[in-house]
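Chemist: If you scroll down you'll find the structure; I have some questions about it.
Values in this text are rule-based calculations from the coordinates and carry no lab data. None of the values given here were measured: they were computed from a predicted structure. Ideal geometry is used to build each Cβ from the backbone, glycine not excepted, and the neighbour counts take in all protein chains shown.
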Amino acid sequence: MSRGSSHASRRSASYEVTERSAAPPEKVFALLADGAGWSAWAGPMVVRSWWEREGSPEPGGVGAIRRLGLGKLSSREEIVEYDAPRHLAYTWLTKFPVRDYRADVRLEPDGTGTRIVWSGTFVPAFPGGATVMRRFFLGAVGGFTKRLAKEAERA
């Protein structure tokens, strides 16, 4: 296999999920940015959630590392942008079948509610992985986004 075709199979891939919440951006952002509280609303993939390291501003700002899940299935995510109540971005530190994963969650005022746009980019770690991993992220992140919207309305 030539170097060029190997590189072509590892191109960056992306996904985007959009949801609306009747809650204002401040409420949605407060839940999203509370990494230790995700286990209360994020669903079956997030059995536990905690801060491995706090960031600035404390606890969940830039530099914070949140852990989501359980044991070997937990992810380590570092907060790389924190602009309350509009934007939170994180990268994955977890060894997972993707590289260079970054997600951006943008919260846009929508009447009295919020438009949540959760997007991500990644490089698949195996040939043909873009399609498989894109489906995984659309399902997992789609579930997180729906539950975040509903929880913000209840909170």
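Chemist: HN-Hα J couplings of the stretch 47-56 from phi, Karplus 6.51/-1.76/1.60, θ = phi - 60°, integer Hz, Gly and Pro as x?
Modeler: 5, 10, 8, 7, 8, 7, 8, 8, x, 10
Chemist: Next up: What lysines does residue 95 reach when the alpha-carbon gap must be under 16 Å and sequence neighbours fewer than 8 apart in one chain are set aside?
Modeler: List returned: 72.
Chemist: Semi-axes of the equivalent ellipsoid for the stretch 89-155, please: Cα gyration tensor eigenvalues, times 5, square-rooted, ordered largest first, whole Å.
Modeler: The answer is 27, 12, 10 Å, longest axis first.
Chemist: Quote the FRET efficiency, to the nearest 0.05, computed for residue 123 versus residue 45 with a Förster distance R0 of 25 Å and r equal to the Cβ-Cβ distance.
Modeler: About 0.65, to the nearest 0.05.
Chemist: Check each of the chymotrypsin sites (Phe, Trp or Tyr not before Pro) in the stretch 32-133 and keep only those in coil by DSSP with at most 12 other C-beta atoms within 10 angstrom; list them in order.
Modeler: Passing sites in the stretch 32-133 do not exist.
Chemist: What does the net charge come to around residue 104 if you take all other residues with beta carbon closer than 15 Å to its beta carbon, with K and R at +1 and D and E at -1?
Modeler: -4
Chemist: Express in % the proportion of alpha carbon pairs of the chain at distances exceeding 19 Å.
Modeler: Beyond 19 Å sits 54 percent of the P(r) for the chain.
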